[in-house]
Amino acid sequence: MAEQPLLKISNLTKRFGGLAAVNDVSVTFEAGKINAIIGPNGAGKTTFFNLVAGAMPPSDGTIEFQGMDVTGMSPDRIARLGIARTFQTTMLFEQSTVLDNLIVGHRLRTQSRLWDVIINSKRLRDEEKKCRARAAEVLDFVGLSHLANRFILDISQEERKRVAFALAMATDPELVLLDEPAGGINPEETENLASLIRKMVRHGISVCLIEHKMDMIMSLADKIMVLDHGEKIAEGTPEQIKNDPVVIEAYLGSDEDVEA
Amino acid sequence: MLKLENVDARYEGFKALDGVSMNVEAGELVVLLGANGAGKSTLFNTISGLLKASAGRISLNGEDVTGKKPSALVQAGVVQCPEGRKLFPEMSVLKNLMLGGYVHRRDRAGMKKTLDHVLEMFPILNDKKDDAAGSLSGGQQQMVAIGRALMGRPKLLMLDEPSLGLAPLVVKQVFEAVQSINREGTTVLLAEQNAFAALKIATRAYVIENGRLVMEGDREAMLGNEAVRKAYIGA
Amino acid sequence: MFLQQALNGLTLGSIYGLVALGLTLVYGILHVPNFAHGALYMVGAYVSYFIMVEHGLNYWVAMAGAGVVVAVLSVLCERLVFHPLRHAPPIHDKIAAIGILLFLEAVVQMHWGADFRRMPTPYTEIFHFGSLTLPAQRLLIIVGAFSLMGALHLYLKKTMTGSTIIAMAQNREGAFLVGIDANRVAMMTFAIAGFLAAVGATLFAPINLVYPAMGHLVIMKAFVIIILGGMGSIPGAIVGGLIIGFAEALGGYYLSGTYKDLIAFVLLVAILSIKPTGLFTKGVR
Amino acid sequence: EEVTIGFTGPLSGGAALYGENTVEGLRMAATEINEAGGFDVDGENYTIKIEALDDKYSPSQAAVNGKRLVQQYKAPIIFTPHSGGTFALQAFNERDGFLVMSYTSVPAVTAKGNKLTVKIPPNFTDYLVPFAKITMDRFGKNMAVANATHDYAKYWTKEFVPVWRKMGGEVVATNPMDYNKSADYYTGVSKVLAEKPDVMFVGGASEPTGLVVRQARELGFKGGFVIMDQAKIDEVAKVSGGLESLEGSVGVVPLADYNTPGAERFVKLWTEKHDGVATSETAYHYFAMYLLMHAMQEAGSVDDPAAIRAAIPEALKDVDPKHNPYDVTAITDDGNLGAEPQIAEVKDGKVVIRETRDYKE
Amino acid sequence: MDRVLNFLASPAMKIVLLAAGILFPLVASSEYQIYVMALAFIWAIAVYGLNIITGYCGQLNLAHGGFFAIGAYAVGLLTVDYGWAFWPAFIAAGVIGAVLGFLVGIVSLRLKEHYFAIFTLCVGFIIYLLIEKWEELTHGTLGVISIAPPEGFGLVDFTETIPFYYLVLFFLVLAIWLISRISRSLVGRTFLAIRISDDLAQSLGINLMRNKVLAFVLSTTYAGLAGALLAGVVRFIGPDLAEITHTFDVITYLLVGGIGTLMGPLVGTLLITWITQAVQSFEEYRMIVFGPLLVVLVIFMPRGIVGTFLTWRGRRLASKAPAKQSASRVENKNSEEAGTHG
Ligand SMILES: Nc1ncnc2c1ncn2[C@@H]1O[C@H](COP(=O)(O)OP(=O)(O)OP(=O)(O)O)[C@@H](O)[C@H]1O
Ligand SMILES: Nc1ncnc2c1ncn2[C@@H]1O[C@H](COP(=O)(O)OP(=O)(O)OP(=O)(O)O)[C@@H](O)[C@H]1O
Ligand SMILES: [Mg+2]
Ligand SMILES: [Mg+2]
């Protein structure tokens, strides 16, 4: 693993009409680390995620995951290779229970087809058991076992974020992409979420996240990439980024107090 | 200016506001603090008429406005910049802003002036003014939403988590903008997660928990309050 | 002969366009295809028939009367059916629209019966230009339809009130929040759509027949048109109407009369297979 | 006692008027019979009750209605005015034991050997030669086919075109059009007129036929029309712009112009109670009801369909001419009722009646 | 009260329903009722098909009636023009439904929402026009006459109403059984994920096209087989079978019964079929009642009968459960079909 980066992005570009939302970005992310992407609004962060997850094809450039060229692959194949993601707005199956939401998360690791359903094959029964077990496991991991049978409608915003994490985890990913996981939740909950992210990394999952909450990023990230107008303007440790004049100019602002 | 007396609001059976009474004087900048789901948005929606109060009374400058239609409230100068933005995604940014001035549509010159003011505040919108609002990034859309609310030339401006999803630099700009709007004479009611930044520009604040107002105080009192610091500012 | 067919295409296209316009407007508000729109078209023709044939009034009076009656009817549909359903999943509006359609057809049939009726036109001259034959009523259809479309386009683009219709279509709450009275806008949209349908029917009826099922095919084609033109797009509806009108007239003449009605649908399937969002839509996140 | 006569046909939807007209014929006859004190079969006195169910022209609904009429209402006889309904009923009428009275000119209805089916209207084939001869003599040999596309129109075309050719005519254009759905016939009409025909073969429902005629005239057609028997000249004229526009056309005689005592009486009877024009389908059903009454009497049974069917040839002799507007006199073994119909030609702005027998080769 | 509610939603209820189905011919007062019931079952099978793609997978397919007609025509044409026996033709109808469903599916399922709905509306219309106009293949407006009935075996004669009824009942039970399997399995959960969001489903490694096409093919196979059964009992079919109204009928049954529920299709179909029979005597006036009824139903009972029942029962159970702060807001809480409707 060590010699091979988990994710290697070269010259990645995405154009919408005349606008280059992501422009010639090259970067590598190491396994077992927390990598953060920050940047002003519209810098192209979400687009960057969309490209990595295969939700849209890049206009140019390549994406290598664990040494394999995944450029232009469909999102479901990429998910099966081990990249999971959460969305900027949390999407869940509102009218099912938490556990039911999670069972389908492990579907991609199963083989059962319609035929198995018709004959109720052993494989199907085994796999359903496996999915259920995995769901319970990830739920426990995010610390929501007590909510297993509650409906998504009934749980709080922060709990939903956790369920979304769990859903991503249920796919058995190598890498999870988190798009503003702490958006819209309060400082205390943000801190809890940060520890959850650390816990994910401890369990061998690499994380890549987008956030605007600087204190969280600075304490969490091993490495930060800064995007502006689609271009990578800086890359480095939190310490380096904090003091990078380019970043301060474009993003952080000189007055520190708004970050309180 | 705005006065709420024992206002209740319900979603089907669930009571989301419970006996809320508050008072906002003209020219104030009042901050509403509260955790997720505490009822901040519900309160705003009730004031702006999107939700009907199930009990209690809301009055504006002494006049009873309980149960009035949202359009009537906008006419009366109560404008909300909602959570979730609620833009017109397929219209251009410019059209979105112009529609914000819908109630002043006969005053073309005035609208032009406000528009210039807004574009000055958010220069990026000037570059994007012919793009569909839905194609903008989250933060850019937030700017459009604030701009659109300003176009209504509100007497009372309600901002529901305006900093949500904004870069720190922009957050700072937004708070400065809010402050200057307020200085120019607009009363502001601000719901925020970013409590510290909000309190710094506030005159007064309320804390809402589970649909009830549990605390009230001016800026210094709030900033100094240990419980508030712990719950909403962190560290 | 080509010119004659082109003229036929233009006649058909302008009627299709007019009906599709109403449909596309309502689509914007409802966000569902309104299957009842064809029934409004049909009712429009009957009201004209009623005023003109059964009460002996002037053609234009009949047209105005039908416009008003159907506009009111359309508004009633909005108030009584679609407004209460505004939060329901889209399939529900569709079913409700079918309910309205069944009801209107049954009512018309109860009163007038199912037989074909004929509405005369006061303009019976036939103009000849070389080998080209152009009855006055057809000329009226083309001119009438295009003036209406032009007027509507200007109204929506150039006036603030017009913009409110579009705003409403895109975000109801957002529209509330800038002070737009959403209910009024919704009603206005339905009224305009109903009016257009009735006027279209009154223009077209004299060269066709009036009967309860007359709306069926027209509305199917109108759906094709609004998809071709991009849902909610006004110029799209007009261009789409013309495309279908010409395709039918020319295809029916040069290719096959038997399969003429297939042309529109096959065209749509072909276009959507290549461009899944229609011809004129811009990609928006 | 009461005999229930069943009916399944379109009573709602696009063909509702047609359906209503057919039931109305049955009802008129039944009311007369009942008001005259019913009729006697085998010493018992019976009245008639008409049970009409709607099938919206759908065959499977007709089958459901058929089952219901037989089992719930115990109807020994079921009328249906469309071929689809007939075919659906024929799937079980012999087994379930009821007589199908079919009002359709589609030959297959009786060609398949169903023993309990009677086809009411005359064979349209009787019209072909006279129609062809009259128009060909007057206008010329080039014909354009521009009739409708439904099943009946297709049968007509299939039979008529060879007759026209055999008599030395030529078909210069063929462009049938959907008379019920088309938004505009200009394209189709101008297409056939481009081939400069002398005669146009048109026809479907009367009103659309009128439109086709009208548009052909607008586009400068000066020849004659052969009008399929489904369309009624008087109603066509209302749409096409008067009889003048139909100059030189041939078609079936409007009931009002029909030269039999039964027809005159029937038209009078009709106009006493209804507005609008009496139609042939009503008159035929009116007659058929009387025919069946006599057949039951001859058979001595109201519930044995086979016996009733077998008694029809005898019963034909019993029917009073005043109840027989079209002078139906015979039935084939297959079950086709037969008459020698008259023909109408529009000449100098007037309807002139011709006899088919005068045109036999 | 709760016991009754629980019973109505329990597996035992299904056995009671099955028993009722088996005993129905014995208690029916006439063969006509059995005949109507058999036809209703045939339509119910088609409705179950629609429920897969529309109820579970969330794609409103307006060509469903067209596929039903295709199944019927497959049997009609194969038996009449090509001399096949019914059963091989029946199987062929299923296969043709599946193959055509596959072809239409791979093109149409790339479209989203209303585009998909209107696209399939047009596909349905094309099917109708082709059946009507393509005389060489379909007999055009003349229709297909004298279709072979299902061959019986031994003493069983499927041209008799009662044996045919049991035949249809057998297929219906099979259809429901399969759907209940699917909806509870991983495959069904996959459909549900797609209904909620394409993007989310994809990010969970679900191959959208493959699963949507699978659901679509399943639904058209159901429609094809149901159409084949209809051809076998009515034994005459005309192009009117492919008219769009039949698609609307099927959607109405689904909606009235409860979209996305297991028993909804059956309940809706039976109810409307019998109401239609009951109001036969109103003739043309019945749409004046029926139209508004439909409107009222979707406004006040948007989840249909079964959906409303389940929701109501869920609320009741929730309110009885140890009080949770938010329990009263639970939209939809029930054990039986929690994962499958909404
Ligand atoms: N589908 C699209 N079509 C056209 N333009 C798009 C599309 N998606 C994104 N963009 C544009 O690309 C740019 C980058 O958007 P993106 O959503 O990636 O920003 P972001 O960095 O995630 O911002 P935020 O922090 O506000 O979420 C924006 O200018 C946006 O308008
Ligand atoms: N449409 C709705 N239907 C039912 N319950 C709702 C609805 N909207 C909000 N609620 C509930 O009402 C309560 C108050 O919600 P509200 O959105 O007002 O909170 P908030 O303080 O604005 O939270 P946030 O910080 O997340 O925006 C919450 O428990 C929420 O779940
Ligand atoms: Mg983003
Ligand atoms: Mg809120």
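Remarks
- A probe of 1.4 angstrom, applied to the heavy atoms of all protein chains, finds E:ILE162 with accessible area near 70 square angstrom.
- Pairwise centroid distance, computed over Cα atoms, of the stretch B:185-235 with the stretch A:147-171, Å: 29 Å
- For the stretch A:93-172, average projected area of the Cα convex hull in nm²: 5.1 nm²
- Note on chain B: with neighbouring protein chains present and a 1.4 Å probe, carbon and sulfur make up 48 percent of its accessible heavy-atom surface.
- If R0 is taken as 25 Å, the Cβ-Cβ distance between B:SER54 and B:VAL214 corresponds to a FRET efficiency of 0.75.
- Sequence-distant aspartates and glutamates (8 or more away, or on other chains) whose Cα lies within less than 17 Å of D:LYS154: D:ASP126, D:ASP178, D:ASP229, E:GLU132, E:GLU135, E:GLU136, E:ASP240
- With the convex hull drawn over the C-alpha atoms of the stretch D:41-104, the volume per residue is 89 Å³.
- Ranked by solvent-accessible area (1.4 Å probe, protein heavy atoms only, all chains present), the residues E:ASP249, C:ASP261 order from largest to smallest as E:ASP249, C:ASP261.
- Long-range tail of P(r) for the stretch D:124-196 (Cα pairs > 19 Å, %): 38 percent
- Dipole of chain C computed with +1 at Lys/Arg Cβ and -1 at Asp/Glu Cβ about the Cα centre; of C:ALA169, C:PHE190, C:GLY9, farthest Cα towards the positive end is C:ALA169.
- About the Cα centre, charge dipole magnitude for the protein assembly as shown (Lys/Arg +1, Asp/Glu -1 at Cβ), debye: 2900 debye
- Protein-only accessible surface order, largest first, of B:TYR11, E:TYR165 at 1.4 Å: B:TYR11, E:TYR165
- Within the full protein context, the accessible area of E:MET13 is estimated at about 40 Å² for a probe radius of 1.4 Å.
- Counting DSSP beta bridges with both ends in the stretch A:110-260, the antiparallel % (nearest 5): 50 percent
- Distance between the stretch C:158-188 and the stretch D:245-267 - C-alpha centres, whole angstrom: 61 Å
- Rounded D (µm²/s) - the protein assembly as shown, Kirkwood Rh over Cα pairs, Stokes-Einstein at 37 °C, 0.692 mPa s: 92 µm²/s
- A:MET68/C:HIS153 FRET efficiency (R0 60 Å; Cβ-Cβ; nearest 0.05): 0.70
- The calculated FRET efficiency for the pair B:PHE14 and D:GLU170, based on their C-beta separation and a Förster distance of 60 Å, comes to about 0.15.
- Value of Rg to Rh for the stretch B:92-153 (Rh from inverse mean 1/r over Cα pairs, i.e. Kirkwood): 0.94
- Geometric extent, Cα atoms of the stretch E:30-311 - Rg, Dmax (angstrom): 18.4, 56
- With contributions of -39500 (n - 2.57) from each DSSP H run of at least four residues, the per-residue ellipticity at 222 nm computed over chain C stands at -23000 deg cm²/dmol.
- Taking the helices alone, chain E has a mean residue ellipticity at 222 nm of -23000 deg cm²/dmol, built from -39,500 (n - 2.57) per DSSP H run of at least 4 residues and averaged over all its residues.
- Estimated at the nearest 10 Å², the accessible area of E:LYS112 is 110 Å² with a 1.4 Å probe.
- Total accessible area lost when D and C pair, probe 1.4 Å, Å² to nearest 100: 2400 Å²
- Relative contact order %, the stretch C:73-215, counting alpha carbon pairs below 8 Å whose residues are six or more apart: 36 percent
- Rounded tilt (10° steps) of E:161-184 against the dominant C-alpha axis of chain E: 40 degrees
- For chain D, a crude dipole built from +1 on the beta carbon of Lys and Arg and -1 on the beta carbon of Asp and Glu, taken about the Cα centre, is about 1320 debye to the nearest 20.
- The contact between chain E and chain A removes approximately 3100 Å² from the accessible area (both sides summed; 1.4 Å probe; ligands, DNA and RNA excluded).
- Between 0 and 90°, nearest 10: helix E:264-278 axis offset from chain E longest Cα axis: 60 degrees
- Cα-based helix-to-principal-axis angle, E:304-320 vs chain E, degrees rounded to 10: 20 degrees
- For chain B, the relative contact order is 27 percent, taking Cα pairs closer than 8 Å that sit 6 or more residues apart in sequence and dividing their mean separation by the residue count.
- Inter-chain shielding of C:158-170 (mean C-beta neighbours from other protein chains, 10 Å cut-off): 4
- For chain B, complete DSSP H runs whose alpha carbons reach 15 Å or more along their own long axis and whose mean Kyte-Doolittle score is -0.5 or higher are B:108-121, B:138-151, B:168-183.
- For chain A, adding -39500 (n - 2.57) for each run of n ≥ 4 DSSP H residues and dividing by the number of residues yields -10500 deg cm²/dmol at 222 nm.
- Remark: mean inter-chain Cβ contacts per residue of B:144-153 equal 1, using a 10 Å Cβ-Cβ cutoff to other protein chain atoms.
- The stretch C:160-285 - percent relative contact order, Cα under 8 Å, separation 6 or more: 18 percent
- Per residue value of the accessible surface for the protein assembly as shown (all protein chains in place, 1.4 Å probe), Å²: 36 Å²
- Extending 7 Å from Cα along the Cβ direction at E:VAL99 and again at E:THR308 yields two label points whose distance is 4.4 nm.
- Interface residues of the stretch E:205-226, defined as those losing at least 50 Å² of solvent-accessible heavy-atom surface relative to the isolated chain (probe radius 1.4 Å), are listed as E:GLY205.
- Separation of the B:THR203 and B:GLN75 label points, Cα + 7 Å toward Cβ, nm: 2.8 nm
- Across D:THR110, A:THR62, the residue with the most accessible area heads the list, and the full order at a 1.4 Å probe is A:THR62, D:THR110.
- For chain D, the share of DSSP beta bridges that are antiparallel, to the nearest 5, is 30%.
- Projecting the Cα atoms of D:LEU53, D:LEU116, D:THR104 onto the charge dipole of chain D (Cβ charges, centred on the Cα centre) puts D:THR104 farthest toward the positive pole.
- A simple spin-label model places the labels of B:LYS113 and C:LEU76 4.9 nm from each other, with each point 7 Å out along Cα-to-Cβ.
- Positive-end residue of E:GLN59, B:SER163, C:VAL68, charge dipole of the protein assembly as shown with Cβ unit charges: B:SER163
- Beta bridges by DSSP in the protein assembly as shown, antiparallel share as percent, to the nearest 5: 50 percent
- Assuming charge only on the beta carbon of Lys and Arg (+1) and of Asp and Glu (-1), the dipole of chain E about its Cα centre is about 1840 debye to the nearest 20.
- Nearby lysines by direct alpha-carbon distance to D:LYS74 (threshold 17 angstrom, same-chain neighbours under 8 apart not counted): D:LYS49
The values are calculated or read from the model by the stated rules, or taken from the named source; none is laboratory data. Everything numeric here is computed off the predicted structure, so don't read it as measured data. Note that each Cβ is placed from the backbone with ideal geometry, even for glycine, and that neighbours are counted across all protein chains shown. When the accessible area is computed, the model is the full protein with side chains, heavy atoms only, and any ligands, DNA or RNA have been set aside. Shrake-Rupley method; radii C 1.70, N 1.55, O 1.52, S 1.80 Å.
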